[in-house]
1. Do any chymotrypsin sites (Phe, Trp or Tyr not before Pro) in the range 13-57 lie in a loop, going by DSSP, with at most 15 other beta-carbon atoms within 10 Å of their beta carbon, and if so which?
2. I'd like the projected area of the chain, averaged over all directions, using the convex hull of its alpha carbons. Report it in nm² with one decimal.
3. Count the net charge of all other residues whose Cβ sits under 15 Å from the Cβ of ALA24, scoring Lys and Arg as +1 and Asp and Glu as -1.
4. Run the numbers on the chain and let me know its relative contact order in percent, using alpha-carbon pairs under 8 Å that are six or more apart.
5. Using each residue's phi in the range 33-48, evaluate 6.51 cos²θ - 1.76 cosθ + 1.60 at θ = phi - 60° and report the 3J(HN,Hα) Karplus result to the nearest Hz, with x for Gly and Pro.
Amino acid sequence: MKNNTKSLRDPVCKKKVNPNKAYAKVKYGKEIYYLCCPLCQAEFEKDPDKFINNLKK
Ligand SMILES: [Zn+2]
């Protein structure tokens, strides 16, 4: 297993997400994003870049 534990946050609602309990993981670019619920997943997939930029601010 790779030790890849950055702060795992749901990019949509910005809650911390435990990867083991995340509703969904979505690979986008080089990263995997964890989403807490189906709504966040749907929002993320509509416009991933927008939410990724939110997370970086
Ligand atoms: Zn969420």
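Just so you know, all these numbers are worked out from the coordinates, no wet-lab data involved. Since we're looking at a predicted model, the values are computed, not measured. Heads up, the Cβs are rebuilt from the backbone with ideal geometry, glycines too, and the neighbour counts pull from every protein chain shown.
1. Of the chymotrypsin sites (Phe, Trp or Tyr not before Pro), the ones in loops of the range 13-57 whose Cβ has at most 15 other Cβ atoms within 10 Å are TYR23.
2. In nm², the orientation-averaged hull projection of the chain is 3.8.
3. +2
4. On the way: 67 pairs, mean separation 18.0, N = 57.
Relative contact order here is 32 percent.
5. 10, 9, 10, 7, 7, x, 5, 5, 4, 4, 4, 4, 6, 5, 7, x
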